[in-house]
Amino acid sequence: MSSVSVFKKRSDDGSVIVHLGKRDFVDFVDSVEPVDGVVLVDPDSVKDQRVYVSITGVFRYGRQDMDVIGMPFRRDIYIAHVQLYPQMSDHPLQLTNLQQLLLNKLGPNAFPFTFTMPPNLTCSVMLQPGPNDKDKMCCVDFEVTAFCAKSLQDEMRKKSSVCLLVRKVQFAPISPGPPPAANFAMADKSLLMNVTLPSQTFYHGEYIPVNVHIDNHSNKIVKNITITVEQIANVVLYSQDKYVKIVLTETFPDTVEPNSKLSRTFNITPLLANNRSHCGIVLDGRIKHEDTNLASSTIIKDPGKKETLGILVSYQLKVKASAARSGDLAVTLPFLLMHPAPKEQEGSPKTSCWRNLDGRRFRGLN
């Protein structure tokens with residue numbers, strides 16, 4: 001018998017309680033996994049108000065405590081909402097198994113919701129804060145919020161609202177593109193360098209084998225092969241800005257004598273563990289204080305669309321070797337750095353456990 005966690009969060013006045021089966025939702029490039037859950041309403045607390053639920057994509061570029069009246073350091077890059085109570089539509093949603101279980105368990109005051117985000121939004125990412133920063137300084141977050149109000153135009157009261165952070169994530173494509181390759185040649189073809197990668201996509205934490213072949217027909221010595229991995233962040237908000245951060249540099253003291261060759265595979269691994277002190281590197285979004293990793297590459301079908309907002313992340317690998325009095329041999333190869341897609345679990349869950357946001361299990365769902 002399998003089980004699944006249900007995340008639950010209650011407003012301060014008890015008027016609404018949000019239930020989510022998961023907090024990571026997958027972007028498949030052409031479509032995004034629906035964000036669905038159930039809101040339990042307390043009619044006695046709600047009284048003559050309405051209950052709404054919304055999903056918001058937020059680009060935050062300053063700490064929350066830096067917000068001032070009329071000028072918050074955030075921009076909503078996507079928002080959708082629906083009224084849950086009183087019910088407005090007679091057309092029932094197509095419920096998931098978990099939603100149906102929750103409705104059966106919670107009773108007639110529970111209402112399901114489903115949102116489908118467009119595929120042209122960037123994923124949940126954050127810039128690594130500085131050592132003295134207590135909160136995320138710049139990030140793209142997605143929030144599910146349930147709240148009570150007379151109308152959508154009314155100001156949301158904190159005690160009658162509840163907000164859960166969810167993540168929009170991408171996984172490595174099942175069918176990656178062709179392996180990257182690049183060549184460098186001196187004008188007289190006396191020095192040749194060929195660099196290849198065995199795949200276009202690599203997983204966080206695994207070795208990246210860099211195949212380097214140098215053919216030295218000159219009378220010069222080639223030495224000090226340096227491999228660098230750069231993280232490129234395209235920040236698309238009011239304008240488009242590009243930031244390049246080095247997340248790995250390794251120099252290998254190999255020497256290629258005149259009229260000789262070198263063929264070698266160099267294994268490198270770009271890791272967040274080696275970049276903890278580097279402020280401004282983009283990381284995958286995290287929930288609460290859990291650890292994370294270097295941001296995954298962003299895959300967007302049409303990155304030139306005006307609707308594309310947020311932080312687009314890409315990686316490139318540079319290989320450079322020094323040749324005396326002839327400058328450097330240098331090539332650049334783009335690649336993807338991502339997580340593998342998790343294996344699908346077979347069968348429908350028969351039982352569930354509920355969790356509050358610190359992960360404690362506190363109630364069984366039969």
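The values are calculated or read from the model by the stated rules, or taken from the named source; none is laboratory data. The shown structure was predicted, so the numbers you read here are calculated from the model rather than taken from an experiment. All Cβ positions, even for glycine, are placed from backbone atoms using ideal geometry, and neighbour counts span all protein chains on display. Accessible surface is based on the protein model in full, side chains and every heavy atom, while ligands, DNA and RNA are left aside. Shrake-Rupley method; radii C 1.70, N 1.55, O 1.52, S 1.80 Å.
Below are the figures for this structure:
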{"item": "Condition met for S297 (modelled with pLDDT under 85 and among the hydroxyl-bearing types (S, T, Y))", "result": "no"}
{"item": "Within the range 1-35, tally of residues that are under 27 Å from the mean Cα position of the chain (by Cα), open to solvent by less than 50 Å² (accessible area, probe 1.4 Å) and over 16 Å from K105 (Cβ atoms)", "result": "8"}
{"item": "Check on V319, touching an Asp or Glu at 6+ places or on another chain (Cβ under 9 Å), at pLDDT 95 or above and of a type in the set (A, V, I, L, M, F, W, C)", "result": "no"}
{"item": "Only one of L84, L121 that is surrounded by 14 or more Cβ atoms within 10 Å (Cβ to Cβ) and modelled with pLDDT of 90 or more", "result": "L84"}
{"item": "Strands (runs of 3 or more DSSP E) wholly inside the range 235-320 that include at least 1 residues being free of Cβ contacts under 8 Å to residues at least 60 places away in the same chain and surrounded by 14 or more Cβ atoms within 10 Å (Cβ to Cβ)", "result": "240-256, 260-268"}
{"item": "Complete set of residues in the range 181-232 that are in contact (Cβ under 8 Å) with a residue 40 or more places away in the chain, of a type in the set (D, E) and open to solvent by 50 Å² or more (accessible area, probe 1.4 Å)", "result": "E206"}
{"item": "Criterion: open to solvent by less than 70 Å² (accessible area, probe 1.4 Å) and either basic (K, R) or at pLDDT 90 or above (or both) - qualifying residue of T96, T116", "result": "T96"}
{"item": "Number of the condition not met by Q128 [criteria: (1) modelled with pLDDT under 90; (2) open to solvent by 30 Å² or more (accessible area, probe 1.4 Å); (3) under 22 Å from G310 (Cβ atoms)]", "result": "(2)"}
{"item": "Output for the range 164-180, where each listed residue is in contact (Cβ under 8 Å) with a residue 60 or more places away in the chain and surrounded by 13 or more Cβ atoms within 10 Å (Cβ to Cβ)", "result": "L164, L165, V166, R167, K168, V169, Q170, F171, A172, P173, P176, P180"}
{"item": "Filtered residues of the range 39-49 (kept if in contact with a strand residue (DSSP E or B) (Cβ under 9 Å, 6 or more places away or on another chain) and open to solvent by 100 Å² or more (accessible area, probe 1.4 Å))", "result": "K47"}
